[in-house]
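K.L.:
Please see the structure below; I have some questions.
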Amino acid sequence: MPATFRCSNCGCMGTGTPHLRNGYAYCGICFARHYIHCAGCGDLLARYAGRHITSSENADELYCSGCWREAARWAPTCVDTEYVSTRRTGSPRCFGVELETSYCFGHEALKGKTSFGVKEDGSINGLEFISPILSGDQGLAEVEKFCDLAAEKEFAVDADCGYHLHVDMRDTTNLQRRHTAYAYRLTYNLWASLVKKSRRTNTFCGAPEYDAREIRNTSDFDNFVRYQHRYQFVNLRAYRDHTTFELRGYQGTLDKTEICNWIAAHLRFVEFVKDKTFEEIDSFFDNGQAWTNLRRCLGARLARYYARLRTQLA
């Protein structure tokens, strides 16, 4: 006579071999109602713990947390940074961007359609999208492509989000890095005037805590940055970690014009100041004509753009 058992869920009397899980016996109907195999690895998991991948062709598929994370988080895809045009950037210097979001439902659908990667960040409600190393006008095109995809998916940002720009400094000497950092310190108020007021007081991208004279007087810039923390408008410590200067001060945005103009502005600025002497940098930026001279180094188009923006934000 077949063995019988009572289903721990519905209470029916089943026959044959019960489905056992976590010390409970289930009839076939109840087991199928509460458990499913992960569509990725095949492991058994409770339906309530399974997660959907919005880009999946089968809306009923569920994934365990490991397979879902593998599908929903990925690294940037490398792109060619040689032989790029520089009409817009004014420099072939490499760069990278990090764009934080507050809402990015369905972002898995972007995998394979953009060179950007994606990771978690505990300070925001959404996810952070990271570019690969980019360069020139082709790099700006990669940024614009991502922004177009984000707009199609209706991604959003809020006041907690930021936009971080990394400017490559691998090809610079110790003296060139000092010149550039010194110029950034002298022009901090100018750059801060180009971002929202709420961003200027954000603790994750605050005003520099060092004086310009400290940079000028140090003989070892690489040692100087060791003692700086990264939560400053211009994160010099990033040179030690990534061989970049990180501009953390811009508010969260997915507007491709804002993002690309900020990139071009800082690439042009670095090229303009890195080979100037400290005295020349003083003559440009440590005087009442600092804003006029900053606009000169940005070029006519960017100068007009930031003049309008500065007026709006004043």
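K.L.:
Looking at Y24, is it more than 29 Å from the chain's Cα centre (by Cα), modelled with pLDDT under 75 and either within 30 Å of H242 (Cα to Cα) or open to solvent by 70 Å² or more (accessible area, probe 1.4 Å) (or both)?
P.N.:
It is false that Y24 is more than 29 Å from the chain's Cα centre (by Cα), modelled with pLDDT under 75 and either within 30 Å of H242 (Cα to Cα) or open to solvent by 70 Å² or more (accessible area, probe 1.4 Å) (or both).
K.L.:
Continuing with this model, one more query. Quick one: in region 114-145, which of the residues that are open to solvent by 10 Å² or more (accessible area, probe 1.4 Å), modelled with pLDDT of 95 or more and of a type in the set (D, E, K, R) is farthest from the chain's Cα centre (by Cα)?
P.N.:
D137
K.L.:
Quick one: in region 1-21, which of the residues that are among the hydroxyl-bearing types (S, T, Y) and part of a loop (DSSP other than H, G, I, E, B) is least open to solvent (accessible area, probe 1.4 Å)?
P.N.:
Going through the qualifying residues, I end up with S8.
K.L.:
Moving on. Inspect all residues belonging to region 102-116 and state whether any of them is assigned to a loop (DSSP other than H, G, I, E, B) and in contact with a Gly (Cβ under 6 Å, 6 or more places away or on another chain).
P.N.:
Yes, the conditions are met somewhere in region 102-116.
K.L.:
Okay, moving on. Which of the residues belonging to region 269-283 are under 17 Å from A181 (Cβ atoms) and in a helix (DSSP H, G or I)?
P.N.:
Residues satisfying the conditions are F269, V270, E271, F272, V273, F278, E279, E280, I281, D282.
K.L.:
Could you tell me which numbered condition S55 fails, if it satisfies all but one of (1) over 20 Å from K145 (Cα atoms); (2) assigned to a loop (DSSP other than H, G, I, E, B); (3) open to solvent by less than 80 Å² (accessible area, probe 1.4 Å); (4) modelled with pLDDT under 75?
P.N.:
(1)
K.L.:
Further, regarding this structure: Name the one entry in T257, T253 that is of a type in the set (V, I, T), under 22 Å from E128 (Cβ atoms) and assigned to a loop (DSSP other than H, G, I, E, B). I'd like the intermediate steps shown before the answer.
P.N.:
On the way: T257 fails: assigned to a loop (DSSP other than H, G, I, E, B).
Among T257, T253, only T253 is of a type in the set (V, I, T), under 22 Å from E128 (Cβ atoms) and assigned to a loop (DSSP other than H, G, I, E, B).
K.L.:
Same structure, new question: Just the residues that are more than 18 Å from I259 (Cβ to Cβ) and assigned to a loop (DSSP other than H, G, I, E, B), please, taken from region 284-314.
P.N.:
If the condition is that a residue be more than 18 Å from I259 (Cβ to Cβ) and assigned to a loop (DSSP other than H, G, I, E, B), then D286, N287, G288, Q289, A314 are the ones that fit.
K.L.:
Turning to a different aspect of this structure: Would you tally the residues in region 203-236 being under 17 Å from the mean Cα position of the chain (by Cα) and either over 17 Å from G162 (Cα atoms) or open to solvent by less than 70 Å² (accessible area, probe 1.4 Å) (or both)?
P.N.:
Qualifying residue count, region 203-236: 5.
K.L.:
May I pose another question? If you go through region 72-109, how many residues are of a type in the set (S, T, N, Q) and under 27 Å from E154 (Cβ atoms)?
P.N.:
Counting residues in region 72-109 that are of a type in the set (S, T, N, Q) and under 27 Å from E154 (Cβ atoms) gives 3.
K.L.:
Okay, next question. Filter region 117-148 down to residues that are more than 14 Å from Y163 (Cα to Cα), without any contact (Cβ under 8 Å) to a residue 40 or more places away in the chain, outside any helix (DSSP H, G or I) and not polar (S, T, N, Q), then give me how many there are.
P.N.:
Counting residues in region 117-148 that are more than 14 Å from Y163 (Cα to Cα), without any contact (Cβ under 8 Å) to a residue 40 or more places away in the chain, outside any helix (DSSP H, G or I) and not polar (S, T, N, Q) gives 1.
K.L.:
Kindly provide the set of residues from region 255-314 that are farther than 20 Å from L186 by Cβ and open to solvent by 40 Å² or more (accessible area, probe 1.4 Å), ordered by number.
P.N.:
Within region 255-314, D255, K256, T257, E258, A300, R301, R304, Y305, R308, T311, Q312, A314 qualify.
K.L.:
Right, here's the next one. Taking the condition open to solvent by 20 Å² or more (accessible area, probe 1.4 Å), charged (D, E, K, R) and in contact (Cβ under 8 Å) with a residue 40 or more places away in the chain, does D160 pass? Write out each step before concluding.
P.N.:
Numbers: open to solvent by 20 Å² or more (accessible area, probe 1.4 Å): yes; charged (D, E, K, R): yes; in contact (Cβ under 8 Å) with a residue 40 or more places away in the chain: yes.
Answer is yes for this residue.
The values are calculated or read from the model by the stated rules, or taken from the named source; none is laboratory data. Every value quoted in this text rests on a predicted model; they were computed, and no experiment measured them. Positions of Cβ are backbone-derived with ideal geometry, glycine not excepted, and every protein chain shown enters the neighbour counts. SASA here: full protein model, heavy atoms, side chains in, ligands and nucleic acids out. Shrake-Rupley method; radii C 1.70, N 1.55, O 1.52, S 1.80 Å.
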